[in-house]
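Chemist: I am attaching a structure below and will ask some questions about it afterwards.
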Amino acid sequence: MAGRIRVISGKAKGKRLKAVPGDITRPITDRVKEALFNIIGLDILGCRFLDLFSGTGAVGIEALSRGAAFVQLNDKHSSAVNTINQNLETTKLQENAKVTQLDAYVIAASRNNTDFDYVYIAPPQYKGMWEKAVQEVDKNQEILVDDGWIVVQIDPNEYLELELNNFTEFDQRKYGSTLLVFYERNP
């Protein structure tokens with residue numbers, strides 16, 4: 001996949017991103033990335049975005065390129081963190097980015113991380129990790145602003161309805177072998 005990941009729109013449009021060596025990541029396709037940011041629309045401008053399982057950093061970098069004010073890109077694997085840093089350097093978008101190498105569940109549960117507009121969850125497939133991450137954000141709802149969203153990217157076969165206390169699923173979109181699931185805070 002090296003060389004096939006790119007920034008679709010914004011300040012860094014057309015810049016090619018490096019892939020993480022090995023098979024620890026599953027980069028988002030351009031089609032799904034374009035759909036995601038079409039759904040978010042102009043709300044990306046000036047927002048704060050948390051990408052819990054960043055991999056290459058493609059989603060967070062796309063958010064920065066399209067005008068997000070701040071993006072935290074996290075991955076627990078050092079090879080992914082190195083790739084994210086290289087991709088931020090290539091796109092010259094490091095200024096409004098913070099790269100962390102932590103357990104995603106620790107970040108989701110942390111009271112220090114607050115006021116994100118979007119929490120993006122796209123973990124390794126078929127391990128139940130997305131469910132646990134959403135549940136951690138549900139327990140720590142302060143991580144999101146009042147009208148913030150949790151966005152999950154999974155294989156459609158992984159999907160199950162979650163019983164949450166503070167968030168409700170309000171939409172889902174399927175693109176081939178990728179499902180985006182959207183949650184918002186309960187009224």
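A short reminder: the numbers here are calculations on the coordinates, not readings from a lab. Computed from a predicted model, the values in this text were never measured in an experiment. Using ideal geometry, Cβ is built from the backbone for each residue, glycine included, and neighbour counts are taken over all protein chains shown.
Chemist: Where in segment 96-187 are there chymotrypsin sites (Phe, Trp or Tyr not before Pro) that are in a DSSP coil and have at most 13 other Cβ atoms within 10 angstrom of their Cβ?
Modeler: Working: sites: Y105, F116, Y118, Y120, Y126, W130, W149, Y159, F167, F170, Y175, F182, Y183; in loops: Y126, Y159.
Of the chymotrypsin sites (Phe, Trp or Tyr not before Pro), the ones in loops of segment 96-187 whose Cβ has at most 13 other Cβ atoms within 10 Å are Y126.
Chemist: Another one. Could you check the simple spin-label distance between A69 and E161, using points 7 Å along Cα→Cβ, in nm with one decimal?
Modeler: 3.7
Chemist: In whole Hz and in residue order, list the ³J(HN,Hα) couplings for segment 111-120 that follow from phi through the Karplus curve 6.51 cos²θ - 1.76 cosθ + 1.60, θ = phi - 60°; x for Gly and Pro.
Modeler: Whole-Hz 3J(HN,Hα) from phi for segment 111-120: 7, 7, 8, 9, 6, 7, 8, 9, 10, 9.
Chemist: Ok, one more. Residue by residue through segment 140-154, what is 3J(HN,Hα) from phi via Karplus (6.51 cos²θ - 1.76 cosθ + 1.60, θ = phi - 60°)? Round to whole Hz and write x for glycine and proline.
Modeler: These are the phi-based 3J(HN,Hα) values: 10, 4, 5, 5, 10, 5, 4, 9, x, 10, 9, 10, 10, 10, 9 Hz.
Chemist: Continuing with the same structure: Taking the Cα-to-Cβ direction at R31 and at S110 and moving 7 Å from each Cα, how far apart do the two end points lie in nm?
Modeler: The two pseudo-label positions are separated by 3.6 nm.
Chemist: Between the DSSP loop rule and a limit of at most 13 other Cβ atoms within 10 Å, which trypsin sites (Lys or Arg not before Pro) in segment 14-123 are left?
Modeler: On the way: sites: K15, R16, K18, R31, K33, R48, R66, K76, K92, K98, R111; in loops: K15, K18, R66, K76, K92, R111.
Sites meeting the loop and neighbour criteria: K92, R111.
Chemist: Provide the net charge surrounding D147, with neighbours chosen by a C-beta distance below 11 Å and charges set as Lys +1, Arg +1, Asp -1, Glu -1. It would help to have the intermediate numbers written out before the result.
Modeler: Details: positive: R185; negative: D43, D117, D146, E184.
Its environment carries a net charge of -3.
Chemist: Can you tell me what the convex hull of the Cα atoms of segment 1-133 projects to on average, as an area in nm²?
Modeler: Values: hull surface 29.5 nm².
Average of the hull's projected areas for segment 1-133 equals 7.4 nm².
Chemist: Shifting gears a bit: Return the distance in nm (one decimal) between the two label points of a simple spin-label model at N85 and K139, each offset 7 Å from Cα along Cα→Cβ.
Modeler: Computed distance between label sites N85 and K139 equals 3.1 nm.
Chemist: Determine ³J(HN,Hα), in whole Hz, for all residues of segment 122-131 in sequence, where each value follows from phi through the Karplus function 6.51 cos²θ - 1.76 cosθ + 1.60 and θ = phi - 60°; x replaces Gly and Pro.
Modeler: 9, x, x, 6, 6, 10, x, 5, 5, 4
Chemist: Given Cβ point charges of +1 (Lys, Arg) and -1 (Asp, Glu) and nothing else, what value in debye, to the nearest 20, does the dipole of the chain about its Cα centre take?
Modeler: Working: 22 positive and 25 negative charges, 209 e Å.
Dipole magnitude for the chain comes out near 1000 debye.
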